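Asks: A single structure is presented below for examination.
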Amino acid sequence: MSSVLPLPVADPGTPPLTTPRAFLWWQARRQRAILLASLVFGIISNVGGALMPWALGSVVDSGLDTGLSRELFLGCALIGAIGMVQVGSNVWGHRFDVQNWLRASYNSIQLVGYHSTRTGDAVTAEMPTGEVVATVASDALRVGEVFAVAARFVGGVVAYGVVAVLMMRMSVPLGLLVLLGLPLVVGVLALLVKPLQKRQAEQREAQGRLTTLGADTVSGLRILRGIGGEEIFAGRYATQSQKVREAGVRVAQTQSLLDATQTLLPGLFLTVLVWAGARMAIAGDITPGELVMFYGFAAFLTQPLWSASETMRIFARATVGVRRIIKVLSVPTTGQRTDGVVTETVSGPAHSTELVDEASGVRVPVSGTVALVGADPDETAAIAMRLGHFVSAEALPHDDDEPDDDATARRPWWRLSGEPAEKKDDAWNRPTRFADPPLSTVRWGRNLLHELDLVEVRDRLVVAESTPTLFSGVLDFELDVRGHASREEMLEAMHVADAADVLDSVPGGLDGRVEEKGRSLSGGQRQRVALARALLTQAEVLVLIEPTSAVDAHTEARIADRLAAARAGRATVIVTTSPLVLDRVDEVVFVEHGVARFSGTHRELLRRDDEHGDQYRRVVSRAAADTPAETPAEPQTKPTEPATEPSPVAGGVA
């Protein structure tokens, strides 16, 4: 079966995002073949279970009437045949139930995963990261449970109809008791589903917030230890954990009431049915075999009744989960309009052309290296992100955005730029991204950047952010994200990034494994691996945000020399205030309040004897004083050789 229906599927499809029912029905149609097979085996198994009391009652009457006769042996053979059919249908039915669960669950996981990669940072602006993680880890599995239980539910309904028909043929009063009593029991159980669903949604919301807070705390643990904030975040985690516990207790209260009712009502129903059947047998209205049948039918009917209540519980949980999945899938992809208007995209310029951010006045030529410098690094980084099509107009904060209990968990890395100081503190706590001019201000050739096909933009324009993210896996896969680089090209990229020591520290070199988040590497090593990865994309326009902020001065000088040669003939934008890097770029643009104020080469700006020169020297001299010493890798890396030439700023500023 796995060879016929491989997982994951090549295309998870495009589901309707209207209601949970529409989403589940769409998924059912996608896997209709295995779902139909599961339903068939579920019906055969349940109908077999319903016929077993009928066959047993017939054998009892036959034995009492004729003794050891041919009819008695045929009845026993029929019971054995029904049992064998049940065994086979249960085995194959279970296999198809698991197939249904896996297919629905993994398809939902693929939908969330693929969509998240296309939304950029928009998804984390709409909801905490923990919510997205919980959607994959929990909600998608709830979708699978609906299809895993579907066969038992449908089979139980069909078996219920078969039992009702058989009982009506033997006794109309008992048949009516079954036909009317069982739906009444299910209806009473259904009354508890709505409050259970509401409390499950509350618990799911609290759990998502706890996951987000925990993930953010762990990822920033080193920083928290540095500023002494562990106790504050531990207290927040404990408070949210208690909220999750309280929500779980409320769910358990409703669930326990449902479970108790699920046991009590079928028991009462069975008692009434047996009592009525026994009275009719005493009165001679039914035979002893028919009494056995009625008792067997009553005992069997508790099974579809349990399946019905279990299905309601699972469907309630799945409805909560699907709403979360729909919420993630409803987040617009990067550059997509949210007003319902469908716009056609166009191809980018056939040949390299100038990239212009009209809001700031920054111009990126066809080739060469441009550096963005400013007193506020958030301003230059915002421009760089905008140049790479990583900011949407919906990122703007609103006046009615108020801080909440989760403001810390969803706090943006970038603050609002270009606002008075008194407003920045308020904006810092808002669960939104930094405010920025919309993408419509960025022009590439004749077209605005947001009008171009996003896939082409991602292929030709690459942004490497200041905080590198490394995943666990083999180093060469980590480097070659586009799958076309040779080993020689990888080694050359590592050389440009001065990351040869990484090959020594990772057992196996390019074939060695990198731990999750690159924790076996130092901060500088992680940054240099990320730089090599960005270089291997061979992007037409490469935007690097603080690519050498975590390395020492000697390493930084070598990277600056090699980077200019490696990117010759292509456009490169670097956000930095490092004098070592600035001295090797073609043009330096100074940004103030989000606008390009003046430009020139590094040495020209150092020599300027005016206000602009003073501004520039203050920024780069401060950066020179703050140059970090790289933390040694684990295991220790080889010591770096001395820099080939001194920093030109030492004499210019001193």
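The values are calculated or read from the model by the stated rules, or taken from the named source; none is laboratory data. Owing to the predicted nature of the structure, the values given are computational and were not obtained by experimental measurement. With ideal geometry, Cβ positions are generated from the backbone for all residues, glycine too; neighbour counts draw on all protein chains shown. Surface areas here come from the heavy atoms of the whole protein model, side chains and all, with no ligands, DNA or RNA. Shrake-Rupley method; radii C 1.70, N 1.55, O 1.52, S 1.80 Å.
Asks: Within the range 467-484, is there a residue that is open to solvent by less than 30 Å² (accessible area, probe 1.4 Å), in contact with a strand residue (DSSP E or B) (Cβ under 9 Å, 6 or more places away or on another chain) and assigned to a loop (DSSP other than H, G, I, E, B)?
Replies: yes
Asks: Filter the range 591-618 down to residues that are at negative phi and either basic (Lys, Arg) or not in a strand (DSSP E or B) (or both), then give me how many there are.
Replies: Final tally of qualifying residues: 19.
Residue-by-condition table, conditions (1) surrounded by fewer than 19 Cβ atoms within 10 Å (Cβ to Cβ); (2) in contact with a helix residue (DSSP H, G or I) (Cβ under 7 Å, 6 or more places away or on another chain):
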{"site": "SER62", "(1), (2)": "no, yes"}
{"site": "LEU74", "(1), (2)": "yes, no"}
{"site": "GLY80", "(1), (2)": "yes, no"}
{"site": "VAL85", "(1), (2)": "yes, yes"}
{"site": "VAL91", "(1), (2)": "yes, no"}
{"site": "HIS94", "(1), (2)": "yes, no"}
{"site": "ALA104", "(1), (2)": "no, yes"}
{"site": "SER108", "(1), (2)": "no, yes"}
{"site": "THR117", "(1), (2)": "yes, no"}
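Asks: Do you know which residues across the range 549-566 are open to solvent by 10 Å² or more (accessible area, probe 1.4 Å), outside any helix (DSSP H, G or I) and not small (Gly, Ala, Ser)?
Replies: Residue satisfying the conditions is ASP552 alone.
Asks: May I ask you to list the residues in the range 503-516 that are open to solvent by 90 Å² or more (accessible area, probe 1.4 Å), in contact (Cβ under 8 Å) with a residue 40 or more places away in the chain and either touching a His at 6+ places or on another chain (Cβ under 7 Å) or more than 10 Å from GLY473 (Cα to Cα) (or both)?
Replies: Initial filter on the range 503-516 (open to solvent by 90 Å² or more (accessible area, probe 1.4 Å)): 504, 507, 511, 513, 516.
Now drop any that are not in contact (Cβ under 8 Å) with a residue 40 or more places away in the chain, which leaves 504, 513, 516.
Listed by number, the list holds a single entry, ASP504.
Asks: Quick check: is even one residue across the range 565-572 at pLDDT below 90, closer than 29 Å to VAL356 by Cα and among the hydroxyl-bearing types (Ser, Thr, Tyr)?
Replies: Checked the range 565-572: no residue is at pLDDT below 90, closer than 29 Å to VAL356 by Cα and among the hydroxyl-bearing types (Ser, Thr, Tyr).
Asks: Please work out if PRO183 is assigned to a helix (DSSP H, G or I) and without any contact (Cβ under 8 Å) to a residue 12 or more places away in the chain. Steps first, answer last, please.
Replies: Details: assigned to a helix (DSSP H, G or I): yes; without any contact (Cβ under 8 Å) to a residue 12 or more places away in the chain: yes.
So PRO183 passes the test.
Asks: Out of the range 528-540, which residues are surrounded by 22 or more Cβ atoms within 10 Å (Cβ to Cβ) and over 11 Å from ALA497 (Cβ atoms)?
Replies: Answer for the range 528-540, where residues must be surrounded by 22 or more Cβ atoms within 10 Å (Cβ to Cβ) and over 11 Å from ALA497 (Cβ atoms): just ALA539.
Asks: Against the condition of a type in the set (Ser, Thr, Tyr) and touching a residue at least 12 places away in the same chain (Cβ under 8 Å), how does SER69 come out, does it pass?
Replies: Here the answer is no, as SER69 does not meet what is asked.
Each row is one residue, and each column tells you yes or no for (1) of a type in the set (A, V, I, L, M); (2) farther than 30 Å from ALA276 by Cβ; (3) open to solvent by 20 Å² or more (accessible area, probe 1.4 Å); (4) modelled with pLDDT of 75 or more.
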residue	(1), (2), (3), (4)
ASP121	no, yes, yes, no
THR124	no, yes, yes, no
VAL133	yes, yes, yes, yes
VAL136	yes, yes, yes, yes
GLU145	no, yes, yes, yes
GLY156	no, no, no, yes
LEU166	yes, no, yes, yes
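Asks: If ASP378 satisfies every condition in (1) open to solvent by 10 Å² or more (accessible area, probe 1.4 Å); (2) more than 18 Å from ASN447 (Cβ to Cβ); (3) at pLDDT 90 or above but one, which is the exception?
Replies: ASP378 satisfies all of (1) open to solvent by 10 Å² or more (accessible area, probe 1.4 Å); (2) more than 18 Å from ASN447 (Cβ to Cβ); (3) at pLDDT 90 or above except (3).
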